[in-house]
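Colleague: Pasting a structure below so you can have a look.
The values are calculated or read from the model by the stated rules, or taken from the named source; none is laboratory data. In this text, all values refer to a predicted model and were calculated from it rather than measured experimentally. Glycine also receives a Cβ, built like all others from the backbone with ideal geometry; neighbour counts cover every protein chain displayed. Protein only, heavy atoms only, side chains kept; ligands, DNA and RNA dropped before computing areas. Shrake-Rupley method; radii C 1.70, N 1.55, O 1.52, S 1.80 Å.
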Amino acid sequence: MVHRKRLRKAVFPVAGLGTRFLPATKAVPKEMLTVVDKPVIQYVVDEAAEAGIEHFVFVTGRGKGVIEDYFDIQYELEQTLKARNKHAELTLLSGLLPKAGSASFTRQQEPLGLGHAVWCARDIVGREPFALLLPDMIMRGEKGCLKGMVELYEKTGDNIVAVEECDPSQTHKYGIVGVGEVLEGGFRITEMVEKPAKGTAPSNFFINGRYILQPEIFAILETQERGAGNEIQLTDGMLKLAKEQAFAGYHFKGQTFDCGAKDGFILANVSFAIERADIRPMIEEPLKALLAALK
């Protein structure tokens, strides 16, 4: 067991504009689009809570106030539900709320990239390790992705990056890591390459949007020069941190849905719906008919 500070905090960068979902995201934050009957952000927060996270830090932007309202009590709604004896709905809503004082919100006033969004959370996180969960990505497996990462973190004390395997022909689309010493649940990372040219990737393991990072990353990001897209890139900061601290990859084995893309969002809705005992009987036959029509 490596003695590092216990992981208590998680950062959710929710300031993105969601341009891939216009016109819907002109008025509704992309994180509040629903997969079946829950906003995308709720699935990600649930994953963090399952892993033992106690403090949820949201990096927001203009037009994202509805996210803060969502994680608050709505008295008028609760009083209406009580008056109508909607006890199941009341229980559902109360179970989704973080404990009072366990959610913090800060603004990313300019869209300067993921690295800048992480840096904006520095004063709330302080001198502690923290998890970073990209809110577009929702995952399903026998074990939550972040929970497995925490288990690996507690064994190694390393910075942890969740990875999955992709077809080798697709490595140029992702951030790819090099594979070193094998660990229980993953491996030591030897290098990180953002969207390597075809035929040059060190492996077919790509970074899937979940991280556990030490607070030293903040000092690096504070002076980080802008990179790809004229933005402050988190990967650039992690490469600098990797010169001083070890990184390990947690091999997540499950399903990941990129709900920031239309295809991933639609597939997530279908996949989560057919797992619901209250919904599957209503949609199973219509879905089969739709698939048959594709032939």
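Colleague: Go through segment 2-55 and count every residue that is over 20 Å from Lys262 (Cβ atoms) and small (Gly, Ala, Ser).
Modeller: The total comes to 6.
Colleague: Please specify each residue of segment 225-245 satisfying the condition of being surrounded by fewer than 21 Cβ atoms within 10 Å (Cβ to Cβ) and farther than 20 Å from Phe206 by Cβ.
Modeller: Glu225, Arg226, Asn230, Lys240, Lys243, Glu244, Gln245 - these are the residues of segment 225-245 that are surrounded by fewer than 21 Cβ atoms within 10 Å (Cβ to Cβ) and farther than 20 Å from Phe206 by Cβ.
Colleague: Look at segment 167-217 and say how many of its residues are among the small types (Gly, Ala, Ser) and under 20 Å from the mean Cα position of the chain (by Cα).
Modeller: 4
Colleague: Quick check, is Ile124 open to solvent by less than 30 Å² (accessible area, probe 1.4 Å) and within 30 Å of Gln224 (Cα to Cα)?
Modeller: Judged against the criteria, Ile124 is not a match.
Colleague: Read through the list (1) among the aliphatic types (A, V, I, L, M); (2) in a helix (DSSP H, G or I); (3) under 30 Å from Phe252 (Cα atoms); (4) in contact with a Leu (Cβ under 9 Å, 6 or more places away or on another chain), then give the number of the only condition that Ile124 fails.
Modeller: If we test Ile124 against (1) among the aliphatic types (A, V, I, L, M); (2) in a helix (DSSP H, G or I); (3) under 30 Å from Phe252 (Cα atoms); (4) in contact with a Leu (Cβ under 9 Å, 6 or more places away or on another chain), just (4) comes out false.
Colleague: If Leu17 satisfies all but one of (1) touching a residue at least 60 places away in the same chain (Cβ under 8 Å); (2) over 29 Å from Glu128 (Cβ atoms); (3) in a helix (DSSP H, G or I), what's the number of the condition it fails?
Modeller: Condition not satisfied by Leu17: (3).
Colleague: State which residue pairs qualify: first residue closer than 18 Å to Gly254 by Cα and inside segment 156-174, second residue charged (D, E, K, R) in any location, beta carbons under 6 Å apart, and separation of 6 or more residues or different chains.
Modeller: Hits for this filter: Ala162/Arg210.
Colleague: Suppose the filter is among the basic types (Lys, Arg), assigned to a loop (DSSP other than H, G, I, E, B) and surrounded by fewer than 21 Cβ atoms within 10 Å (Cβ to Cβ); does Arg4 pass it?
Modeller: Criteria met by Arg4.
Residues are listed down the side, and each one gets a yes or a no for (1) touching a Cys at 6+ places or on another chain (Cβ under 6 Å); (2) open to solvent by 30 Å² or more (accessible area, probe 1.4 Å); (3) part of a helix (DSSP H, G or I):
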| position | (1), (2), (3) |
| --- | --- |
| Tyr43 | no, yes, yes |
| Ala49 | no, yes, yes |
| Arg62 | no, yes, no |
| Ile67 | no, no, yes |
| Ile73 | no, yes, no |
| Glu78 | no, yes, yes |
| Asn85 | no, yes, no |
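Colleague: Is there any pair linking a residue in segment 218-239 that is closer than 14 Å to Cys120 by Cα to one that is β-branched (Val, Ile, Thr) and assigned to a loop (DSSP other than H, G, I, E, B), with Cβ under 7 Å and at least six apart or on different chains, and which?
Modeller: Leu221/Ile232; Gln224/Ile232
Colleague: Taking the residues in segment 129-153 that are more than 17 Å from Val59 (Cα to Cα) and of a type in the set (Asp, Glu) as candidates, determine which candidate is most open to solvent (accessible area, probe 1.4 Å).
Modeller: Glu142
Colleague: Report yes if Arg226 is in a loop (DSSP other than H, G, I, E, B) and out of contact with any helix residue (DSSP H, G or I) (no Cβ under 6 Å at 6 or more places or on another chain), otherwise no.
Modeller: Taking the combined requirement at face value, the residue satisfies it.
Colleague: So which residues in segment 260-275 are among the small types (Gly, Ala, Ser) and not in a loop (DSSP other than H, G, I, E, B), if there are any at all?
Modeller: Gly264, Ala268, Ser271, Ala273
Colleague: Sticking with this structure for a sec: So which residues in segment 20-41 are out of contact with any strand residue (DSSP E or B) (no Cβ under 8 Å at 6 or more places or on another chain) and either assigned to a helix (DSSP H, G or I) or aliphatic (A, V, I, L, M) (or both)?
Modeller: Answer for segment 20-41, where residues must be out of contact with any strand residue (DSSP E or B) (no Cβ under 8 Å at 6 or more places or on another chain) and either assigned to a helix (DSSP H, G or I) or aliphatic (A, V, I, L, M) (or both): Arg20, Phe21, Leu22, Ala24, Thr25, Lys26, Ala27, Val28, Lys30, Val36.
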